[in-house]
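Beneath this line is the structure, given in structure tokens, with notes to follow.
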Amino acid sequence: MNTTSSAEHILENESPTSSPFLTEEQAAARLQLSPRTLRNWRNLAQGPAALKLGGAVRYHSDALDAWALGSAA
């Protein structure tokens, strides 16, 4: 029986050489969501924290992990 939660599974698949700042598409894939869902949540001030860097939306991997683990409880 597999006792690993989906949030823990996401954390296990992280590449150590990747940038900590993810695009909307990368963040959505990491959370197993559609980019549209992530965008809608951001517009409603829900979901993981996002940053705007020069007009580009980015998600920090640590913020995604914290949100995923908090929402899995």
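The values are calculated or read from the model by the stated rules, or taken from the named source; none is laboratory data. Because the structure is predicted, anything quoted here is derived from the model rather than measured. As a convention, Cβ positions derive from the backbone with ideal geometry for all residues, glycine included, and neighbour counts pool all protein chains shown.
Okay, here's what the table says:
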quantity: Which listed residue, of Leu38, Leu44, Leu69, is over 13 Å from Phe21 (Cα atoms) and surrounded by 17 or more Cβ atoms within 10 Å (Cβ to Cβ); calculated: Leu38
quantity: Verdict on Ala66 being within 10 Å of the chain's Cα centre (by Cα), aliphatic (A, V, I, L, M) and assigned to a helix (DSSP H, G or I); calculated: yes
quantity: Subset tally (residues that are outside any helix (DSSP H, G or I) and either among the aliphatic types (A, V, I, L, M) or in contact (Cβ under 8 Å) with a residue 12 or more places away in the chain (or both)) for region 20-45; calculated: 8
quantity: Test: residue in region 46-63 that is in a loop (DSSP other than H, G, I, E, B), of a type in the set (S, T, N, Q) and modelled with pLDDT under 95; calculated: yes
quantity: Residue satisfying all of: in region 9-36; charged (D, E, K, R) and within 15 Å of Asp62 (Cβ to Cβ); modelled with the lowest pLDDT among these; calculated: Glu14
